[in-house]
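Quick notes on the structure that follows.
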Amino acid sequence: MGETGMSEKELVDQTIREYVNLQRIKNADDKEKELEYQEKVLKARLSSMGIPTENLEP
């Protein structure tokens with residue numbers, strides 16, 4: 001593991017996940033709905049790691 005605490009395999013996996021999510025948004029029939037879904041999933045992931053999400057709104 002490097003300074004990030006993630007192995008190279010984990011970094012590759014995360015990068016692929018981000019790319020797939022961008023493609024989902026790009027190709028969605030309802031881009032706003034897909035963006036809302038992606039935001040919901042990301043907030044759930046952050047919350048599961050103990051990171052508060054209340055102050056992330058613009």
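The values are calculated or read from the model by the stated rules, or taken from the named source; none is laboratory data. Since the model is a prediction, treat every value here as computed from it, not as a measurement. Don't worry about glycine lacking a Cβ; one is built from the backbone with ideal geometry, like all the others, and counts go over all protein chains shown. Heads up: the accessible areas ignore ligands, DNA and RNA and are worked out on the full protein's heavy atoms, side chains in. Shrake-Rupley method; radii C 1.70, N 1.55, O 1.52, S 1.80 Å.
Summary of computed values
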quantity	calculated
Single unsatisfied condition, Met6 versus (1) among the hydrophobic types (A, V, I, L, M, F, W, C); (2) surrounded by 13 or more Cβ atoms within 10 Å (Cβ to Cβ); (3) assigned to a helix (DSSP H, G or I); (4) over 10 Å from the mean Cα position of the chain (by Cα)	(3)
Val20, sole failed condition from (1) open to solvent by 80 Å² or more (accessible area, probe 1.4 Å); (2) free of Cβ contacts under 8 Å to residues at least 12 places away in the same chain; (3) part of a helix (DSSP H, G or I)	(1)
Output for segment 23-58, where each listed residue is among the aliphatic types (A, V, I, L, M) and part of a helix (DSSP H, G or I)	Ile25, Leu35, Val41, Leu42, Ala44, Leu46, Leu56
Where a residue in segment 27-42 is within 14 Å of Thr53 (Cβ to Cβ) and its partner, wherever it lies, is basic (Lys, Arg) and assigned to a helix (DSSP H, G or I), with Cβ under 8 Å and at least six apart	Gln38/Arg24
